[in-house]
1. Please name all residue pairs, on different chains or six or more residues apart, with Cβ atoms under 8 Å, provided the first residue is in segment 15-29 and is part of a loop (DSSP other than H, G, I, E, B) and the second residue is loosely packed, with under 10 Cβ neighbours inside 10 Å and not aromatic (F, W, Y).
2. Show the residue pairs meeting these rules: Cβ distance below 7 Å; 6+ apart or different chains; first residue within segment 37-59 and part of a helix (DSSP H, G or I); second residue among the hydroxyl-bearing types (S, T, Y).
3. Determine if segment 41-56 includes at least one residue that is surrounded by 10 or more Cβ atoms within 10 Å (Cβ to Cβ), within 10 Å of the chain's Cα centre (by Cα) and of a type in the set (S, T, N, Q).
4. Inside segment 26-40, can you point out the residues that are surrounded by fewer than 13 Cβ atoms within 10 Å (Cβ to Cβ) and within 11 Å of the chain's Cα centre (by Cα)?
Amino acid sequence: MKLTKSGPLTDREIDWLEEVLMKYGNDDSVLCFSELDGFLTAIVSGPNTISPNTWLSAI
């Protein structure tokens with residue numbers, strides 16, 4: 001699958017991402033695109049930098 005270099009994801013890319021999240025996810029991880037969107041938005045919007053070591057395992 002060709003990934004978009006910039007701009008919003010296409011519906012096809014979102015569907016692919018949701019399949020990957022469900023395939024490799026578990027009860028303690030992000031399981032859908034909207035949850036991932038909110039999760040990453042919270043990480044980059046917060047007042048403090050959060051190390052990827054802290055949040056990457058949730059994805």
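FYI, it's all coordinate maths here, none of it is from the lab. What you see is a predicted model, and the numbers here were worked out from it, not measured in a lab. Here the Cβ is made from the backbone with ideal geometry for all residues, glycine too, and neighbour counts use every protein chain on show.
1. Hits for this filter: S29/S57.
2. A58/S29
3. Yes, that holds for at least one residue.
4. Of everything in segment 26-40, those that are surrounded by fewer than 13 Cβ atoms within 10 Å (Cβ to Cβ) and within 11 Å of the chain's Cα centre (by Cα) turn out to be S34, G38.
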